[in-house]
Structures are given as C-alpha cells and as structure tokens.
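The values are calculated or read from the model by the stated rules, or taken from the named source; none is laboratory data. All values reported here derive from a predicted model rather than from experimental measurement. With ideal geometry, Cβ positions are generated from the backbone for all residues, glycine too; neighbour counts draw on all protein chains shown. Ligands, DNA and RNA are stripped out before the accessible areas are found, and what is left, the full protein with its side chains, is counted by its heavy atoms. Shrake-Rupley method; radii C 1.70, N 1.55, O 1.52, S 1.80 Å.
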Amino acid sequence: MNAVFDALSLQAAMLDVVAASHATPRLIGERQQQRLVRLLEAARAVPVYRERLGNGRLRSSDLSRMAPVAKRELMDRFDEWVTQPELKLDELRDFVSDPARAAEPYLDRYVVWESSGTSGQPGIFVQDAHAMAVYDALEAVRHRLPARGGRGLFAAFAAFDVMGASDRTALVTATGGHFASVVSFERLRRINPWLGAASRSFSLLQPVDELVAALNDFQPSVLATYPTAAALLADEAEAGRLRISPRCVVTGGETLGKAVRQRIAQVAGCQVRNSYGASEFLPLAWECAHGHLHVNEDWALLEPVDEKLRPLPAGVRSHSVLLTNLANLVQPLIRYDLGDQVTFTGQRCACGSALPVIEVEGRSDDVMQVPSQRKGQKVSLLPLALCTVVEEECGLFDFQLQQQGPSTLVLRIPLRGEAAEAAIGRCRDALQHFALLQGAEPIRVLGEPGCDVPRGRSGKACRVAL
C-alpha cells in the first residue's frame with residue numbers, strides 16, 4: 001500500500017462522527033470550540049495568522065473579529081502559512097506539475113491536490129493522515145447511499161468507502177491532474193484493493209463516444225460526476241448510446257438544479273444524491289434522505305457574509321462564505337473566503353439531524369452546444385472541461401469563454417501585447433482540438449485581449465457564458 005493512511009485515526013474519527021451525527025446543537029458546539037482552540041494554537045505559530053490573532057483567545061462566536069484571508073494572499077505567503085517547514089511551495093509545484101504523481105504521498109506523509117485557478121492562480125492544499133481520516137469518516141458515515149444487502153450505518157458512498165465495496169463505482173471527472181476529486185478517489189483505491197478492483201476513474205476530457213464506450217464496458221452501479229456531465233450522459237442514455245443501469249448517481253462540484261436532477265433521475269431510473277465540497281475541505285455538506293444539504297459543522301465552520309464580509313442572518317443569500325477548517329493543522333484555514341453563495345435556512349430538517357441546512361448557489365456556468373459531425377445533431381461542451389483545457393494545457397487561469405453564434409467561441413483575457421497573442425494562440429489550438437475530439441464540427445476561437453474578466457456577485461470569475 002502506497003498511500004497516506006492511519007487506521008487508528010480513521011477508527012477514532014468514524015466513532016466521533018457517528019456520535020456527532022445524533023448529537024444536540026450544544027454538543028456539536030462543544031466539539032467546535034475544542035477543535036477551534038487547537039486550531040488557533042497551531043495557527044499562532046505562523047506569521048499569516050499570528051498577525052491577525054494577536055494574543056487574545058477567540059471563541060467560535062468571536063471569529064468575526066479576525067480579518068478574513070483569501071487564496072491569493074495565502075499562496076503568496078505560502079512559507080509563512082504552513083505549520084510544517086518541510087513544505088516548500090516551489091517543491092510542491094514541481095510535484096503537482098507531474099500528472100503521473102497524482103495520489104502519490106508527498107514526503108511519505110502528505111496528500112496534495114491543486115484547485116482551479118478561478119482567482120487568478122491555482123491553490124495547493126496539503127493534508128496529513130489525521131485530516132484525511134476526518135474526510136474519510138465524514139464521507140463514509142454521512143454521505144452514504146441506500147443500503148444494499150443490509151449494510152446499515154456504514155453503507156458508505158461507494159466511491160469513498162474505506163471499509164469495503166460492493167458496488168462498481170465510476171468517477172467521471174477531470175483526470176490527468178492533481179485535482180481533489182481524483183486524488184482522493186485514487187488514494188482510496190490504493191488503500192483498499194477490493195475497492196480498487198471495483199472502481200475506476202474516467203476522463204471527462206476524452207471524446208464523448210469513447211467515454212460512453214468505456215462506461216458501457218465497465219457497467220458501473222454508482223456513477224459519480226458533475227451535474228453538467230451527468231446531464232450530458234443522460235442525453236447519451238436517452239439516445240440509446242449509453243447503456244448502463246446505475247442504482248445511484250452522485251453529483252458534486254457544481255450547482256445541481258431541480259430540473260437537471262429530475263431529468264437525470266428520470267433517464268437513469270435511479271436516485272440522484274448531491275454533495276457540496278471544496279478543495280479546501282472536501283466534504284463540506286452531505287445530502288440527507290429528505291434532499292437537504294447539511295453542513296458538517298462539527299469539523300467545518302461556514303460563515304455567510306455580505307459584500308463587506310459582514311455576517312448575515314439565516315434566510316439571506318450570502319455574497320460569499322468564509323470557511324474555517326477544524327481538521328487540517330498542517331495548513332490552517334481560518335475565515336477563508338471560498339467565494340460561494342450560500343443560504344442557511346435556519347430550519348431543522350425532518351431527518352432529525354441537528355446539523356444546519358444550507359442551499360448552495362455555487363457555480364452556474366452554461367453548457368455550450370455546437371454543431372456535431374453527425375448531421376443535424378449537437379455536441380455539448382461542458383464548462384468544467386473547457387476550463388480544464390485552458391488551465392491545464394495552456395497555463396491560463398484568468399479568462400472568459402463566450403459562445404458567439406453556433407460555432408464560434410470568444411476568449412477574453414486581461415493580457416495585452418505579445419503575451420496575449422501567444423496565450424490566445426495556445427488556447428485556440430487546444431480548444432479546437434478538444435472540440436474535434438468531442439465530435440464537433442470545426443469551431444472558430446476569437447481572442448479579445450485587454451479585457452477584464454466579468455465576475456458574479458460571489459466574486460468568482462464568470463468563466464463560461466452563452
């Protein structure tokens with residue numbers, strides 16, 4: 001086994017998560033406070049937080065006194081942020097630059113993944129065995145599928161089932177990089193050979209025909225992917241090309257709208273379960289049987305805030321949300337600006353859990369439709385896939401793609417001069433090649449340099465628009 005894993009930490013975390021799943025708000029609050037004290041002690045050892053925290057002791061109810069942090073600042077001051085001096089940004093960047101090393105332990109002690117470059121540069125996030133045990137336990141206990149064969153409490157989300165596997169699980173995502181979803185998935189396949197044999201990851205960037213053929217050959221009983229990708233596969237199933245019969249489709253990474261959920265469920269003929277997570281904390285919220293997202297508040301604090309980063313009451317959609325990760329002491333995240341729009345409902349769920357219910361606006365990019373090489377048909381170009389092509393193949397992180405006419409994409413970037421011309425040329429070649437692989441007719445890519453990238457109320461760049 002070549003993976004970051006500690007069996008005792010996992011056992012302790014799972015027992016704790018089981019107990020907290022049925023706890024009162026008071027007991028959950030006590031857990032928060034104990035973990036926050038430990039986190040603040042670790043954070044005071046590094047300059048980024050020492051400057052903000054001073055010498056006072058903060059309770060969870062007093063966190064609003066500390067100035068928030070953003071990804072750009074933390075990445076710019078990486079060596080002043082991490083609590084382990086052996087973690088060096090340049091060396092980590094070298095590590096994640098090699099796709100072949102995805103899910104490989106870093107320095108034999110850490111799990112490393114990279115986020116997208118929405119804010120202008122990607123983030124690198126490092127977890128130790130303790131943090132991974134918390135993530136694994138939250139997934140296994142709370143984000144579980146309907147039991148098959150009486151597996152009861154530990155009928156885990158099969159893609160992250162560290163106890164065993166009875167499903168054939170397909171993860172359809174952006175592979176070929178150190179992304180959180182595929183790194184955590186492949187890590188668990190290494191830990192558990194049984195799971196490894198019954199699960200596979202599939203690249204979202206391969207031609208649709210090839211993806212469909214691979215899924216038909218694998219015949220998954222659980223399909224985990226993004227809502228836009230699930231909708232695309234539903235189209236393929238309705239057309240008779242995709243012939244699988246999953247018992248559950250698990251979505252995450254994008255906003256799952258009601259209409260999209262209903263279509264996926266109707267075409268697939270199975271249950272659809274949603275989740276909310278981030279590279280900064282993978283299992284932020286889980287969906288109960290009543291269809292509500294519950295925040296894992298015993299390990300993650302979320303603060304909805306307005307445009308001036310002031311706290312908002314329940315029932316009000318936030319401008320952004322601040323995350324405090326209570327599990328990761330290697331790379332402390334305290335009042336970290338995630339940029340997502342969320343609403344805390346303030347209502348107890350009929351499922352009985354005391355964990356708060358949220359609604360997530362998140363990302364709502366549009367799916368582009370371009371003419372297909374099959375006469376009279378269309379090809380869907382997924383926002384996540386387009387962004388991955390531009391980021392990973394072209395090294396561009398601040399941009400907007402907009403469809404103009406049936407076969408034309410407009411690429412807007414803030415760069416100017418020769419640097420802009422070179423970037424537009426790289427992106428034009430990569431996007432045209434990608435579209436052809438998806439079965440589309442040749443497309444045009446027009447470049448518009450010197451453009452500010454539009455951003456929504458959440459502060460995130462509006463990457464893809466019709």
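Which residue out of 169, 175 is open to solvent by 30 Å² or more (accessible area, probe 1.4 Å) and closer than 30 Å to residue 134 by Cα? Lay out the reasoning, then the answer.
Numbers: 169 fails: open to solvent by 30 Å² or more (accessible area, probe 1.4 Å).
Only one candidate passes the filter, namely 175.
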Condition set touching a residue at least 40 places away in the same chain (Cβ under 8 Å) and of a type in the set (D, E, K, R), scope region 377-436, selection farthest from residue 254 (Cα to Cα): answer is 412
Residue pairs qualifying under the 8 Å Cβ cut-off, at least six apart or on distinct chains, with the first in region 42-68 being closer than 22 Å to residue 298 by Cβ and the second being at pLDDT below 90 and open to solvent by 40 Å² or more (accessible area, probe 1.4 Å), are 58/65
Residue hits (region 271-282; more than 19 Å from residue 320 (Cα to Cα) and buried (at least 19 other Cβ atoms within 10 Å of the Cβ)) are 272, 273, 274
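Do the conditions hold for residue 260, that is, is it within 23 Å of the chain's Cα centre (by Cα) and in contact (Cβ under 8 Å) with a residue 60 or more places away in the chain? Can you show your working first?
On the way: within 23 Å of the chain's Cα centre (by Cα): yes; in contact (Cβ under 8 Å) with a residue 60 or more places away in the chain: no.
No.
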Practice problem: With the condition kept exactly as written, say whether any residue in region 226-243 is open to solvent by 30 Å² or more (accessible area, probe 1.4 Å), under 16 Å from residue 171 (Cβ atoms), modelled with pLDDT of 90 or more and not acidic (Asp, Glu). | Solution: no
I'd like to know if region 12-24 contains one or more residues that are at pLDDT 95 or above and open to solvent by 80 Å² or more (accessible area, probe 1.4 Å).
yes
When residue 102 is run through (1) open to solvent by 40 Å² or more (accessible area, probe 1.4 Å); (2) touching a residue at least 60 places away in the same chain (Cβ under 8 Å), the failure sits at (1)
Residue 312: passes all of (1) of a type in the set (A, V, I, L, M, F, W, C); (2) open to solvent by 20 Å² or more (accessible area, probe 1.4 Å); (3) closer than 18 Å to residue 256 by Cβ but (3)
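Suppose we filter 188, 232, 211 for residues that are assigned to a helix (DSSP H, G or I), touching a residue at least 40 places away in the same chain (Cβ under 8 Å), over 25 Å from residue 284 (Cα atoms) and out of contact with any Lys or Arg (no Cβ under 8 Å at 6 or more places or on another chain); which single one remains? Working first, answer last.
Values: 188 fails: over 25 Å from residue 284 (Cα atoms); 211 fails: touching a residue at least 40 places away in the same chain (Cβ under 8 Å).
On inspection, the qualifying residue turns out to be 232.
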If I filter region 284-292 for residues that are surrounded by fewer than 17 Cβ atoms within 10 Å (Cβ to Cβ) and either part of a strand (DSSP E or B) or among the charged types (D, E, K, R) (or both), do I get at least one hit? no
In the set 160, 154, 218, 185, the lone residue that is under 25 Å from residue 17 (Cβ atoms) and modelled with pLDDT of 80 or more is 185
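Which residues, counting only those in region 214-229, are under 12 Å from residue 250 (Cβ atoms) and assigned to a helix (DSSP H, G or I)?
Step one: list which residues in region 214-229 are under 12 Å from residue 250 (Cβ atoms), which gives 220-227, 229.
Hits for region 214-229 are 227, 229.
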Looking across region 439-466 at residues that are open to solvent by less than 30 Å² (accessible area, probe 1.4 Å), under 17 Å from residue 387 (Cα atoms) and assigned to a loop (DSSP other than H, G, I, E, B), the single one that is modelled with the lowest pLDDT is 453
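Confirm whether residue 35 is of a type outside the set (Val, Ile, Thr) and out of contact with any helix residue (DSSP H, G or I) (no Cβ under 7 Å at 6 or more places or on another chain). Don't jump to the end; show me each part of the working.
Working: of a type outside the set (Val, Ile, Thr): yes; out of contact with any helix residue (DSSP H, G or I) (no Cβ under 7 Å at 6 or more places or on another chain): yes.
Yes; evaluated as a whole, the condition is true for this residue.
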Every listed condition ((1) more than 30 Å from residue 326 (Cα to Cα); (2) open to solvent by less than 20 Å² (accessible area, probe 1.4 Å); (3) part of a loop (DSSP other than H, G, I, E, B)) holds for residue 298 save (1)
Pairs returned, first residue in region 320-343 that is free of Cβ contacts under 8 Å to residues at least 40 places away in the same chain, second residue that is open to solvent by 10 Å² or more (accessible area, probe 1.4 Å) and assigned to a strand (DSSP E or B), beta-carbon separation under 7 angstrom, 6 or more apart or interchain, are 321/302; 321/303; 321/304; 343/359
Pairs returned, first residue in region 278-301 that is over 21 Å from residue 33 (Cβ atoms), second residue that is open to solvent by less than 20 Å² (accessible area, probe 1.4 Å) and among the acidic types (Asp, Glu), beta-carbon separation under 6 angstrom, 6 or more apart or interchain, are 293/287
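How many residues does region 244-257 hold that are at pLDDT 90 or above and over 14 Å from the mean Cα position of the chain (by Cα)?
Going through region 244-257, the residues at pLDDT 90 or above turn out to be 244-251.
Next, only the ones that are over 14 Å from the mean Cα position of the chain (by Cα) stay: 244-249.
Going through region 244-257 one residue at a time, the tally reaches 6.
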Taking region 178-203 and keeping residues farther than 23 Å from residue 95 by Cα and either open to solvent by less than 30 Å² (accessible area, probe 1.4 Å) or small (Gly, Ala, Ser) (or both) leaves 192, 195, 196, 197, 198, 199
Scanning region 244-266 for residues that are of a type in the set (Ser, Thr, Tyr), surrounded by 13 or more Cβ atoms within 10 Å (Cβ to Cβ) and closer than 21 Å to residue 208 by Cβ gives 251
Residue 143: passes all of (1) modelled with pLDDT of 50 or more; (2) more than 26 Å from residue 212 (Cβ to Cβ); (3) not in a loop (DSSP other than H, G, I, E, B) but (3)
